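Structure record follows, encoded as structure tokens.
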């Protein structure tokens with residue numbers, strides 16, 4: 001019950017402090033720019049497509065897939081940033097200001113406060129992704145009737161990645177100040193990002209050491225691996241074969257395994273558990 | 001009779017610092033208990049330990065007959081934090097609604113209780129205004145309403161009048177008096193000694209996280225009396241003779257001031273002076289203020 005009260009409060013805070021509104025407006029601005037760019041690129045690319053019926057269809061679908069995934073890559077980043085920004089200050093800030101004191105003195109478990117916030121942010125992220133992913137996918141669908149394959153599992157992976165980074169942020173926020181939390185999260189994101197690149201190049205050049213660096217980085221923080229798996233899921237096999245797929249900043253040469261998804265889920269659960277425990281033991 | 005609060009050697013260390021050295025005290029149910037001490041004496045840390053915000057390093061305590069951390073007991077406690085900050089994007093009513101829900105109060109009881117309390121603290125006209133538009137005094141009032149939502153058996157008020165003007169202070173005093181009449185135990189942490197003097201039944205003086213003295217306020221303030229004697233021919237031997245009633249005798253020309261533990265000494269002093277052929281013009285008893293006592297007990301170093 002208390003979990004639900006705190007979740008509702010978290011949601012209300014996002015509305016009252018205009019977080020939801022500004023995210024929505026900027027999201028719409030992004031979608032307008034994206035639609036415009038998508039449209040221009042199709043104009044440019046499609047006349048050069050060969051006349052043959054089949055190859056035209058293949059290239060058209062490949063282009064749509066490429067552009068849709070490029071949009072989703074941006075959305076994926078925005079969702080991570082959104083989750084981290086709104087949750088970085090939530091515990092650290094309320095501990096710092098003392099707002100938390102009157103709440104914790106109530107007959108509630110401290111775990112319920114952390115979990116309530118988690119549920120609230122998970123709801124916000126879901127809402128954000130519905131808007132943004134829906135918007136990006138609608139563009140290709142409206143202009144060309146195109147839908148990427150495996151939408152459900154692809155979007156679920158993107159959502160999992162956003163939840164993962166939000167949970168890690170919440171964990172840090174229960175232990176460190178807001179600024180330190182921000183520093184840690186962006187550091188982790190940087191590791192994941194660079195590690196992902198190095199792994200892709202390594203796979204492309206068949207350099208095992210580089211691949212290993214990527215693997216280690218996705219053990220440190222498995223966020224980028226989730227995106228690469230999502231991109232892989234949403235790219236048709238044919239597009240991958242002919243090399244016009246967009247997956248991450250690079251082509252998805254090295255595909256994260258199921259084990260890595262399981263690892264990411266476990267990582268999330270452990271981060272949340274550490275956050276709950278740290279907050280429960282903390283002097284406020 | 002169980003005590004509302006009972007602590008035994010409650011101790012808190014933060015790294016190297018000892019914030020509370022060993023707090024041992026009992027607060028009786030239904031009394032207004034004043035917690036006095038200089039800044040940094042560990043008053044707020046003590047309250048935080050009792051409320052479960054800070055984990056004690058050692059020692060133990062019972063609140064309303066249950067050990068610290070009991071959630072059923074927390075449902076019967078009210079708390080107004082010092083430097084309270086609340087979610088200022090909530091309106092006064094939403095804020096009270098949130099805290100009432102956290103007390104797991106039923107919706108209907110909560111609704112009537114919120115109206116009652118907004119009325120009590122005089123904020124009914126501002127009930128739909130967001131807290132960020134409130135003045136410090138208004139925030140303190142809404143914070144106080146928050147602490148009373150659940151009709152608590154025990155209320156902790158940490159500096160409840162610090163942001164208030166005289167009207168607000170009187171309001172808090174009246175509220176404390178009402179609560180006391182209904183049998184609520186109040187643990188009051190305040191710097192405003194005049195406030196404490198008016199409202200409290202008993203006070204504890206603490207310094208460096210230890211109780212120096214616990215005393216009934218009435219006997220404390222009524223008991224100690226300072227007497228000023230204005231008389232002629234007060235010779236040093238006569239003044240020295242006054243030391244049988246007080247060790248604290250100060251002579252200043254035709255005037256002598258001494259502190260006696262109780263008013264019954266006055267007639268004896270007068271008889272003594274007359275017997276010594278002293279012409280007494282005035283013998284004026286003066287009650288010591290709580291502030292004088294505070295400085296006497298705690299010292300002037302402010303606990304630094």
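The values are calculated or read from the model by the stated rules, or taken from the named source; none is laboratory data. As the structure is a computational prediction, the values presented were derived from the model and not from experiment. Counting neighbours? That spans all protein chains shown, and the Cβs are built from the backbone with ideal geometry, glycine included.
Restrict the check to region A:16-34 and report whether at least one residue is at pLDDT 85 or above and closer than 26 Å to residue A:238 by Cβ. Looking for residues that are at pLDDT 85 or above and closer than 26 Å to residue A:238 by Cβ, one finds at least one in region A:16-34, hence yes. Of all residues in region A:83-109, those that are farther than 20 Å from residue A:180 by Cα, surrounded by fewer than 22 Cβ atoms within 10 Å (Cβ to Cβ) and in contact with a helix residue (DSSP H, G or I) (Cβ under 6 Å, 6 or more places away or on another chain) total 1. Residues in region A:1-24 that are more than 9 Å from chain B (Cβ to nearest Cβ) and outside any helix (DSSP H, G or I): A:18 only. Candidates A:162, A:152, A:138: the one that is closer than 28 Å to residue A:5 by Cα and in a helix (DSSP H, G or I) is A:162.
Could you identify the single residue in A:120, A:134, A:71, A:83 that is within 14 Å of another protein chain (Cβ to nearest Cβ) and within 18 Å of the chain's Cα centre (by Cα)?
That would be A:120, the only listed residue that is within 14 Å of another protein chain (Cβ to nearest Cβ) and within 18 Å of the chain's Cα centre (by Cα).
Just wondering, is there one or more residues in region A:186-205 that are within 14 Å of another protein chain (Cβ to nearest Cβ) and either surrounded by 15 or more Cβ atoms within 10 Å (Cβ to Cβ) or at pLDDT below 90 (or both)? No; the residues of region A:186-205 include none that is within 14 Å of another protein chain (Cβ to nearest Cβ) and either surrounded by 15 or more Cβ atoms within 10 Å (Cβ to Cβ) or at pLDDT below 90 (or both).
Residues in region B:81-94 that are crowded, with 24+ Cβ neighbours inside 10 Å and either in contact with a strand residue (DSSP E or B) (Cβ under 9 Å, 6 or more places away or on another chain) or closer than 22 Å to residue B:153 by Cβ (or both) were compared, and the one that is farthest from the other protein chains (Cβ to nearest Cβ) is B:92. Selection within region B:14-47: residues that are touching a helix residue (DSSP H, G or I) at 6+ places or on another chain (Cβ under 8 Å) and within 14 Å of another protein chain (Cβ to nearest Cβ). The member of this set that is surrounded by the fewest Cβ atoms within 10 Å (Cβ to Cβ) is B:19. Scanning region B:99-138 for residues that are within 14 Å of chain A (Cβ to nearest Cβ), under 17 Å from residue B:87 (Cα atoms) and either over 29 Å from the mean Cα position of the chain (by Cα) or surrounded by fewer than 20 Cβ atoms within 10 Å (Cβ to Cβ) (or both) turns up B:101, B:128, B:129, B:130, B:132, B:133. Here residue A:90 clears all of (1) modelled with pLDDT of 95 or more; (2) within 14 Å of another protein chain (Cβ to nearest Cβ) except the condition numbered (1). Annotation note: Cβ proximity below 6 Å between a residue of region A:261-284 that is within 14 Å of chain B (Cβ to nearest Cβ) and a residue that is not in a helix (DSSP H, G or I) (sequence gap 6+ or interchain) occurs for A:283/B:54; A:284/B:53.
The residues of region B:70-79 that are surrounded by 21 or more Cβ atoms within 10 Å (Cβ to Cβ) and within 8 Å of chain A (Cβ to nearest Cβ), listed by number, are B:74, B:77, B:79. Answer with yes or no whether residue B:258 is within 30 Å of residue B:36 (Cα to Cα), part of a strand (DSSP E or B) and either at pLDDT below 85 or under 36 Å from the mean Cα position of the chain (by Cα) (or both). Taking the combined requirement at face value, the residue satisfies it. In this structure, residue A:100 does not qualify as within 14 Å of chain B (Cβ to nearest Cβ), modelled with pLDDT of 95 or more and assigned to a helix (DSSP H, G or I).
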